[in-house]
Amino acid sequence: METMVSTAGVHKKSAAMRDRLLEAATAVFAESGYDGAAVSRIARRAGVTTGAIYANYANKAELLLEVIRARLDMQLEPYREMWQSGETPDPSELFMRMTRDRLVEDRPLTRAILLETFAAARRYPEVREAVQEWLRDATGPLIAMVRQAQVAGTIDKDVHAPTLAFFFMMPGAGESFNEAAGLPLPRESNYMPLVRRMADALTRVSNEND
């Protein structure tokens, strides 16, 4: 008699193992950096074999990329949904929202991972390629939304869309370096009015050109 294996059960088990792996990898990368994060150590922390890791990830760089995606993609998901819906956001509101999300969330572990990742990207081509892949995926929807806003006339058409998307991403990187230096983040009451003025300038430039 054949034994029927539940596909849902297999997927659930795979998802649970992936969660354990990512949780363990996140902790080890944050504690020891990319150089010190041995795959065998990650496996022990997750309670799996190194073979189980290599069955899911080609190398340590690919695992690091998955950690980055898991921790940062959730933050970017609202903007992907806006892009997929075809919605043309107000540029000032988009920038305000992205900056506020980064400023008020306490994400020391995520910032530690980012710093370790960027440091490793300078030394290891495979990490650099993984980071480049993630950045292309992360900025793609932002570039598309900037171009939608340019078509709609809410952002000046002379603004280079990829550069503006890059600019939108920079507050998070700046906060990471600030925290690494042991410096406090600026107060929201001081920071957000400045962000509002910068973001509003994008709209005003477009309106002045009409």
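The stretch between residue 158 and residue 198, if pulled fully straight at 0.36 nm per residue, gains 12.7 nm over its current Cα-Cα span. Label-to-label distance for residue 14 and residue 59 is 2.4 nm, based on points extended 7 Å past Cα in the beta-carbon direction.
Exposure proxy shown here: for 109, 183, 115, the number of other Cβ atoms within 10 Å sets the order, fewest to most, as 183, 109, 115.
Each reported figure results from applying straightforward, stated rules to the coordinates on display, with no laboratory input. Quick caveat: nothing in here was measured; it's all calculated off a predicted structure. Neighbour counts run over all protein chains shown; Cβ positions are idealised from the backbone, glycine included.
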